[in-house]
Amino acid sequence: MIFLSAHDLMPEYVNYWFVVGFQKFLRVFWYFVIFEFTRYIIIDYIIAGIFALTGKSRKEKFKRAKAALYTENPFVSVIIPGKNEGKHLYKLTRSLAEQTFTNFELIIVDDGSDDETPVIGKNLEKLGLIDMFIRNEMRGGKASAANLALRYSKGKYIVHLDADCSFDRDAIEQVLLPFFLDEKIGAVGGNVKVRNYKDSLCAKLQAIEYLKTVSIGRIVTSYLGIYKIISGAFGAFRKDVIDSIGGWDIGPGLDGDITVKIRKSGYKVYFQPKAVCLTNAPSKFKVLTKQRLRWDKSIIRFRVRKHKDVYFPNANFNWLNFFSLAENVFYNVILDLMWWIYIIDIMINYSSQLQFIIPMNFTLYFVMSYVQMFSIYVFSERRKEELYLWPYVILMTIYTGTYLRIVRTIAYYKEFFFKRSYEDVWNPYKSSIQAKRAGL
Amino acid sequence: MLNLLKHNSNARKITKEGYSLLLVSHVNELRQESLDYLDGFVIDTDRVSHAREILLYVRTQDNIQISLLPIFINSVYKLPQEVSIHTDGLIELTQLASYMQRVVTITKRIQKVTAPKLVAHDVLIQFKTLAYSYTRNVSIQPKPSRKSYIGYDFPFISLFYKDDEVISLLQNLKKAKQLNYLSFKLQDYVHLCKGCSGNYLNFRECCPKCESIDIKAHDMIHHFVCAHVAPEKDFKVEDGLECPKCDKHLRHIGIDYDKPSTIYSCNTCSHEFQNAGMNALCLDCGTENELDELLEKAVGSYMITQKGEQLLFQSKKNYISGNMTSTDKGSLSLNLFKIIVNQEIQRIKTTSGNSMFVKIEFQNDELQLLNVDVKKALTKEIGDIIKSYLKEADILSAERFNKYYIMLPETKENQLERLENIQYNLSKLLSDNLADSKQEIKISTHKVQATDAIQQYFA
């Protein structure tokens, strides 16, 4: 009779690491253990545990906040700046008409559309489905359109949306509640999820990524007080706060920029996972690559350059702001560089053991991805629908660990050395050139 | 030869080539004159009110032979368009001969028109208008007029309506068009006040919220470097423009800033908006109209059609009689006729009487090619012939232009000589009117039996 031990059942590349010992394992997989595992498993699960334990008291707080919200029933301005978004507007108005919180005005700014948007917008305004439709004949960029909407907003709170999004029935109510938890909260980010995840593999992978980084990632950073980006697709702001900082500055990346500006002005920002908004993610990798190059360039432009003052001692120095941006820059920029260093380290020192290192690395990331997915499953309000995505989690190692890392590296290189974000057609040249000259 | 005869101190008659025109300077001259023997009139005054009274007096005469007579204006006088469009133009008395052909044509055409009797006032106006178009061989073409409620005056027909009755005028013309008596060519759309149907309207931009016209437009400024956008007034400082967000001075449009749009603010309710509303104030009655509340009316020229001309010649019959299948004595619509036939079958069951059912069919392909109007006229004429041989108790109905049914109550099989007359005259009618002489008129008779089923009669 042959007795099989656990080692016999495992593949050779796993047994190898049992044989060489933990010290060597740590030496070879230092990048995974120190940065990835610690940050995305240990810290996430600790926070998730605390989050779960404090659920009851948080529920009570939100119950009181809801009572306060409906007692005050503040007037809210929902603003939607955009270009060529006419085709989404009717659906959007229908989605907003279903909201549980109803005391809001709807302001849509058409930023120089060259399609039928002006006709649609004016008709919807005439029909009373939009309270104010403002058309700019000349395109000025998303920031200027948002600022124009802000100028004519009458609400105590501003809810900024993207036109191609749709919302849970209580999304606006949920995104407003945190303002009634703490008066120092100046802005609240909504939970953006991918609507078209069944469209393509590209959309599926993004849906998983959004769940990991947007949903869980932001619960953790928000809990730690270092939440640093309110998505442009769905965010709420106190009008007095946003007025005091002069509204939005030129993008791309204006949503992250305004979050930092609010933080720097002394207010807290909060992530509300229950305020759910669905958006369409790019369904082709080519489009996704362009989008990510734009987003990643903005990290260098805003987090490294424009807001570099948060890293240095000054009158407005704040540790949370420091950690917020430092965490963001470290986990994106620094670790991206370190990953290449790690690759070189392995290639030089362990080139003869690659047959054990590469599969093990994939296995580690694969296991980590499913462990993360489990935490998402625990927190998500759409867990059953999201089970559909589980088979694709296996590909996340290649998607985030390789594809996105390469895109990110290219973006950082282009922005750091050539300031390419100022040439992005996403923003009109007339504004970008001025911003570049002014160093904004 | 021109004869100028003094009839009395005010009226003068011109006779040329046997046609008499009356020179009139005041309507009272017409009242003293017997108009039956005149062939036209010449307005001999430059006073608009007098000229208008003359026109009204003539055109509103009950006798259509008078009301349609040509009316000219003596060329030595200049009368405004509001008068001249209702006349047959200017006439030079020294060159009368050159105008006589027109008088002759009009009067000859007038004689062809048969005046209707006992018709409603608006129908009479409609008829006169058709006759005017026919006798002059012109279209009724509207002319722009500041004095008209709708901005347009129509020749002839406008005389019959007061200023505030212009909608009735348009409706009457529309009715004639729907009946295919007049053809229509669009010239313009007019927008009229919902209150008084006038078109003296003042269009104003207004606040979409409170409808105040006290609104002001502001240019928007977009400051490129900081993306601040606001009305120009927010940027204005003593020495130019300064951004309220970043405090920078705005020097150069296109470089520092641009003006992407304008926005209105209402000085009454403070509402700010980009798309101003628009309303129209009626300067006649003071009604404020939303644009979509204005009455939109098509205005254009009307010309008599062939059907309209037929109406003029047969007006007596057409206006007095109606649709054969529904209103004629002894004629019934098919549905009603079927009920009567069914009743007759029931009656035969109990009385054992003698009644005959007759079916007349025209079997000729050429008839199918006739247009709808001719088919209708043919149906009427056939109906008239058949009815002229029927007795009082006989009942006629038509299914199509080529199929007729007759119920002959209390008629025996040897009492059908009237059918022979009908067949003879119908054959003659067709052979006179159609090139193809191979007409076949099939007349079948059937004695109504108590056991008959209604369906077999109309199979």
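The values are calculated or read from the model by the stated rules, or taken from the named source; none is laboratory data. Note that the coordinates shown come from a computational prediction; the quantities given were computed from them, not determined experimentally. Don't worry about glycine lacking a Cβ; one is built from the backbone with ideal geometry, like all the others, and counts go over all protein chains shown.
One table, with the values for the structure above:
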{"item": "Single residue of the stretch A:134-180 satisfying the filter (polar (S, T, N, Q) and facing chain B (nearest Cβ under 8 Å)) that is farthest from residue A:242 (Cα to Cα)", "result": "A:136"}
{"item": "Flag for residue A:198 being out of contact with any Pro (no Cβ under 9 Å at 6 or more places or on another chain), in a strand (DSSP E or B) and not aliphatic (A, V, I, L, M)", "result": "no"}
{"item": "Residue ID - modelled with the highest pLDDT, chosen from residues in the stretch B:404-459 that are of a type in the set (Ser, Thr, Tyr) and out of contact with any strand residue (DSSP E or B) (no Cβ under 8 Å at 6 or more places or on another chain)", "result": "B:451"}
{"item": "Helices (runs of 4 or more DSSP H) fully within the stretch A:364-440 counting 1 or more residues that are within 14 Å of chain B (Cβ to nearest Cβ)", "result": "A:429-438"}
{"item": "Some residue of the stretch A:192-202 being within 14 Å of chain B (Cβ to nearest Cβ), buried (at least 23 other Cβ atoms within 10 Å of the Cβ) and under 13 Å from the mean Cα position of the chain (by Cα)", "result": "no"}
{"item": "Residue match in the stretch A:403-415 (condition: out of contact with any His (no Cβ under 8 Å at 6 or more places or on another chain), closer than 30 Å to residue A:21 by Cβ and touching a residue at least 12 places away in the same chain (Cβ under 8 Å))", "result": "yes"}
{"item": "Test: residue in the stretch A:31-40 that is more than 30 Å from residue B:207 (Cβ to Cβ), in contact (Cβ under 8 Å) with a residue 40 or more places away in the chain, out of contact with any strand residue (DSSP E or B) (no Cβ under 8 Å at 6 or more places or on another chain) and of a type in the set (A, V, I, L, M)", "result": "no"}
{"item": "Check on residue B:292, more than 8 Å from chain A (Cβ to nearest Cβ), on the phi > 0 side of the Ramachandran plot and surrounded by fewer than 17 Cβ atoms within 10 Å (Cβ to Cβ)", "result": "no"}
{"item": "Residues of the stretch B:74-115 classified as of a type in the set (Ser, Thr, Tyr) and assigned to a helix (DSSP H, G or I), total", "result": "6"}
{"item": "Count - residues of the stretch B:112-147 that are modelled with pLDDT of 90 or more and not aliphatic (A, V, I, L, M)", "result": "16"}
{"item": "The stretch B:198-233, residues that are closer than 29 Å to residue A:432 by Cα, of a type outside the set (Gly, Ala, Ser) and either in contact with a strand residue (DSSP E or B) (Cβ under 8 Å, 6 or more places away or on another chain) or more than 14 Å from every other protein chain (Cβ to nearest Cβ) (or both)", "result": "B:218, B:219, B:220, B:221, B:222, B:223, B:224, B:228, B:229, B:231, B:232, B:233"}
{"item": "Test: residue in the stretch A:235-254 that is over 23 Å from residue A:306 (Cβ atoms) and β-branched (Val, Ile, Thr)", "result": "no"}
{"item": "Checklist (1) among the hydroxyl-bearing types (Ser, Thr, Tyr); (2) closer than 26 Å to residue A:92 by Cβ; (3) modelled with pLDDT of 90 or more applied to residue A:213, failing item", "result": "(3)"}
{"item": "Residues located in the stretch B:42-64, provided they are loosely packed, with under 15 Cβ neighbours inside 10 Å and among the polar types (S, T, N, Q)", "result": "B:49, B:60, B:63"}
{"item": "Check on residue B:205, within 60 Å of the chain's Cα centre (by Cα), in contact (Cβ under 8 Å) with a residue 60 or more places away in the chain and loosely packed, with under 15 Cβ neighbours inside 10 Å", "result": "yes"}
{"item": "Residue count, the stretch A:114-129 (criterion: more than 9 Å from every other protein chain (Cβ to nearest Cβ), in contact with a Lys or Arg (Cβ under 9 Å, 6 or more places away or on another chain) and not small (Gly, Ala, Ser))", "result": "7"}
{"item": "Subset of the stretch A:280-291 [outside any loop (DSSP other than H, G, I, E, B) and either free of Cβ contacts under 8 Å to residues at least 24 places away in the same chain or buried (at least 19 other Cβ atoms within 10 Å of the Cβ) (or both)]", "result": "A:286, A:287, A:288, A:290, A:291"}
{"item": "Those residues of the stretch B:212-238 which are modelled with pLDDT under 90 and at positive phi, in sequence order", "result": "none"}
{"item": "Selected residue (criterion: surrounded by the most Cβ atoms within 10 Å (Cβ to Cβ)) from residues of the stretch A:306-342 that are under 23 Å from residue A:406 (Cβ atoms) and polar (S, T, N, Q)", "result": "A:328"}
{"item": "Index of the failed condition, residue A:345 passing every other in (1) touching a residue at least 24 places away in the same chain (Cβ under 8 Å); (2) surrounded by 15 or more Cβ atoms within 10 Å (Cβ to Cβ)", "result": "(1)"}
{"item": "Positions within the stretch B:260-272 being assigned to a strand (DSSP E or B) and modelled with pLDDT of 90 or more, in sequence order", "result": "B:262, B:263, B:264, B:265, B:266"}
{"item": "Single condition residue A:257 does not satisfy, out of (1) touching a Lys or Arg at 6+ places or on another chain (Cβ under 9 Å); (2) at pLDDT below 95; (3) part of a helix (DSSP H, G or I); (4) more than 14 Å from every other protein chain (Cβ to nearest Cβ)", "result": "(4)"}
{"item": "Search result, residues across the stretch B:234-259 that are out of contact with any His (no Cβ under 6 Å at 6 or more places or on another chain), assigned to a strand (DSSP E or B) and within 12 Å of chain A (Cβ to nearest Cβ)", "result": "B:250, B:253"}
{"item": "Yes/no for residue A:145 being within 24 Å of residue B:225 (Cα to Cα), surrounded by 19 or more Cβ atoms within 10 Å (Cβ to Cβ) and of a type in the set (A, V, I, L, M)", "result": "yes"}
